[in-house]
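Comments concern the structure below.
The values are calculated or read from the model by the stated rules, or taken from the named source; none is laboratory data. Note that the coordinates shown come from a computational prediction; the quantities given were computed from them, not determined experimentally. Neighbour counts are summed over all protein chains in view; Cβ atoms, including those assigned to glycine, are modelled from backbone coordinates with ideal geometry.
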Amino acid sequence: MTRWFEDIVIDEMFPLGSHTFSEEEIIRFAKLYDPQYFHVDPDQARHSHFGGLVASGWHTVSVGHRKMVDALFDEAERLRGLGQEPGVSGPSPGVNSMEFKVPVRPGDTVTYELIVTDKRPSNSLPGWGLLFNRLTARNQRDEIVYRAEIVGFSKLRDYRMPMKLKVLLALTSLPIIGPRLRRST
């Protein structure tokens with residue numbers, strides 16, 4: 001999230017945009033990353049349990065991730081345009097769950113949205129908070145095709161490192177004391 005941790009509102013929905021999956025794109029992605037017959041061969045896919053060509057779930061995820069990153073950049077620009085300093089996004093420590101509910105077929109338009117469902121300060125990274133997010137993708141029939149529970153870091157705006165931690169960090173940088181302190185932690 002390109003907002004400061006303190007500014008993030010629980011249950012606010014962030015529309016990420018839509019993408020229409022073409023047959024050519026589905027086949028191109030699958031040939032590179034998931035070359036199973038029901039993703040790359042329309043003739044064989046007709047006889048699969050899917051009843052036709054379908055996009056790889058990883059293709060659906062990748063498009064959604066790109067939409068999410070683009071939305072982060074757009075939000076940062078929007079905040080700069082208002083004269084505000086954007087927050088700092090961090091990496092993701094993981095995905096808690098992921099579901100592929102309905103296959104994505106050629107011609108489907110999938111719309112992605114992100115909702116921050118919870119947040120808390122990080123126990124392991126001082127100055128950072130954890131965001132718990134739900135990413136949902138729906139096709140043009142409003143069927144959920146993909147849903148994930150993902151976690152991401154967001155920097156705290158007003159974090160001030162405690163003196164105790166500042167002293168410990170300073171000591172770890174000293175040539176004689178630092179290596180001993182690092183070994184003991």
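So the values come out like this:
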read-out	value
Filter result for residue 44 (closer than 19 Å to residue 20 by Cβ and free of Cβ contacts under 8 Å to residues at least 40 places away in the same chain)	no
Qualifying positions in segment 145-164 - touching a Phe, Trp or Tyr at 6+ places or on another chain (Cβ under 7 Å), under 20 Å from residue 4 (Cα atoms) and either aromatic (Phe, Trp, Tyr) or not in a strand (DSSP E or B) (or both)	153, 156, 157
Wholly enclosed helices (runs of 4 or more DSSP H) of segment 1-100 bearing at least 2 residues of a type in the set (Val, Ile, Thr), under 23 Å from residue 116 (Cα atoms) and out of contact with any helix residue (DSSP H, G or I) (no Cβ under 8 Å at 6 or more places or on another chain)	57-81
Yes/no for residue 120 being of a type in the set (D, E, K, R), touching an Asp or Glu at 6+ places or on another chain (Cβ under 9 Å), closer than 30 Å to residue 4 by Cα and modelled with pLDDT of 95 or more	no
Residue satisfying condition, being modelled with pLDDT of 80 or more, in contact with a helix residue (DSSP H, G or I) (Cβ under 6 Å, 6 or more places away or on another chain) and among the charged types (D, E, K, R), within set 157, 147	157
Segment 125-156 - residue that is within 15 Å of residue 19 (Cα to Cα) and of a type in the set (Lys, Arg) and, of those, surrounded by the fewest Cβ atoms within 10 Å (Cβ to Cβ)	141
Of all residues making up segment 64-101, the number that are free of Cβ contacts under 8 Å to residues at least 60 places away in the same chain and closer than 27 Å to residue 145 by Cα	15
Top-ranked residue in segment 101-123 [being of a type in the set (A, V, I, L, M, F, W, C) and part of a strand (DSSP E or B); ranked as surrounded by the fewest Cβ atoms within 10 Å (Cβ to Cβ)]	115
